Amino acid sequence: MSEAPPNSDYCYRHPDRQSFVLCQRCGRTICPECQTVAAVGVHCPECVKEARQSAPRTRPAIVTSMRRAGRSDAPVVTYAIIAVCVILFVAELLTGSTRGPVFQSLVSYGPFTGAEPWRMVTSIFIHLSILHLLFNMYSLYVFGPILERLLGHGRYIALFLLSGLGGSVAVLLIAPGTPVAGASGAIFGLLGAFFVIQRHLGGNNVQLLIVIGLNLAIGFIVPNIAWQAHVGGLIVGGLVSLIFVRTRNRQQRGIQLALLGATLVGLIALTVYGAATVFTRI
């Protein structure tokens, strides 16, 4: 009978195959079929299996992103608003841009307010150009998530919509013959809220004031920009955030809702007045 070859020079899994390659982890001899290339050297099948079992399990990036978005503090409202604006802009492009039915049915225009008051809100989500959309969505992406986490989803929605409505009301009262489209009024409302909340918390407002001042100045200098919407959104956003910071306690929830309701009623009353007198002010 022939003797078995020495184990040190033969694959531990295939004793008939001579090899001089050792597993980097356990030191056993392994033939080319049993070798798995590692970052340093090669590993045997057992070491590879052990490493896979002990390695932390990772989820695909898309799964991780979806789980993160599902958390209660994730800015899902901000992302939803951005998605709606982008979808509507694509629909505008596919149907004739600003002359198409999508834009024309959602834009806010003073003389239409009495018959179609919902345009005061729907106009927030449509935009005139790709630059208009990108500028507003970038601003929303920067400031929206911070405020949404601070306020919570419900308060954040109220802030955004009331500010956007405030911008539309300001245009209706000051420049009723000007068509209005875009989320600028609502975004200025977020800036106003940022200012009030930061001041309430004792933060430094200088940089934020510069940002607000520059953006307001652009509205006055550059033609075809409804600066009235910027001012209206800024005022209403500041007012709504003031309500939030003054009624922070859980016991004041009823007062907070009543004040927000009063703000909405006031904006509706101004809309009714503006719609009733629009033709005498154009």
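Considering the stretch 114-132, the residues that are at pLDDT 95 or above and among the polar types (S, T, N, Q) include one that is surrounded by the fewest Cβ atoms within 10 Å (Cβ to Cβ), namely 122.
Here's the yes/no breakdown for (1) at pLDDT 85 or above; (2) in contact with a Pro (Cβ under 6 Å, 6 or more places away or on another chain); (3) over 24 Å from residue 102 (Cβ atoms):
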residue	(1), (2), (3)
173	yes, no, yes
185	yes, no, no
189	yes, no, yes
196	yes, no, yes
205	no, no, yes
212	no, no, yes
215	no, no, yes
225	no, no, no
229	yes, no, no
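Within the stretch 159-175, identify whether any single residue is part of a loop (DSSP other than H, G, I, E, B), touching a strand residue (DSSP E or B) at 6+ places or on another chain (Cβ under 9 Å) and not polar (S, T, N, Q), and answer yes or no. Checked against the condition, which is being part of a loop (DSSP other than H, G, I, E, B), touching a strand residue (DSSP E or B) at 6+ places or on another chain (Cβ under 9 Å) and not polar (S, T, N, Q), the stretch 159-175 yields no hits at all.
In the stretch 172-188, the count of residues that are touching a helix residue (DSSP H, G or I) at 6+ places or on another chain (Cβ under 8 Å), surrounded by 13 or more Cβ atoms within 10 Å (Cβ to Cβ) and over 30 Å from residue 112 (Cα atoms) is zero. Counting only helices (runs of 4 or more DSSP H) wholly contained in the stretch 198-282, the ones carrying 1 or more residues that are of a type in the set (S, T, N, Q) and closer than 19 Å to residue 140 by Cβ occupy 206-221, 227-246. Number of residues in the stretch 258-282 that are over 18 Å from residue 166 (Cβ atoms) and either loosely packed, with under 13 Cβ neighbours inside 10 Å or of a type outside the set (Lys, Arg) (or both): the value is 6. Selection within the stretch 152-174: residues that are of a type outside the set (Val, Ile, Thr) and free of Cβ contacts under 8 Å to residues at least 60 places away in the same chain. The member of this set that is nearest to residue 264 (Cα to Cα) is 161. Scanning the stretch 194-221 for residues that are in contact (Cβ under 8 Å) with a residue 12 or more places away in the chain and out of contact with any helix residue (DSSP H, G or I) (no Cβ under 9 Å at 6 or more places or on another chain) turns up nothing. Of all residues in the stretch 99-113, those satisfying the criterion of being touching a helix residue (DSSP H, G or I) at 6+ places or on another chain (Cβ under 7 Å), surrounded by fewer than 19 Cβ atoms within 10 Å (Cβ to Cβ) and in a helix (DSSP H, G or I) are 111, 112.
Of the listed requirements (1) under 20 Å from the mean Cα position of the chain (by Cα); (2) surrounded by fewer than 19 Cβ atoms within 10 Å (Cβ to Cβ); (3) in a loop (DSSP other than H, G, I, E, B); (4) not acidic (Asp, Glu), residue 135 misses just one: (3).
The values are calculated or read from the model by the stated rules, or taken from the named source; none is laboratory data. Not measured: the values here are computed from a predicted model. Using ideal geometry, Cβ is built from the backbone for each residue, glycine included, and neighbour counts are taken over all protein chains shown.
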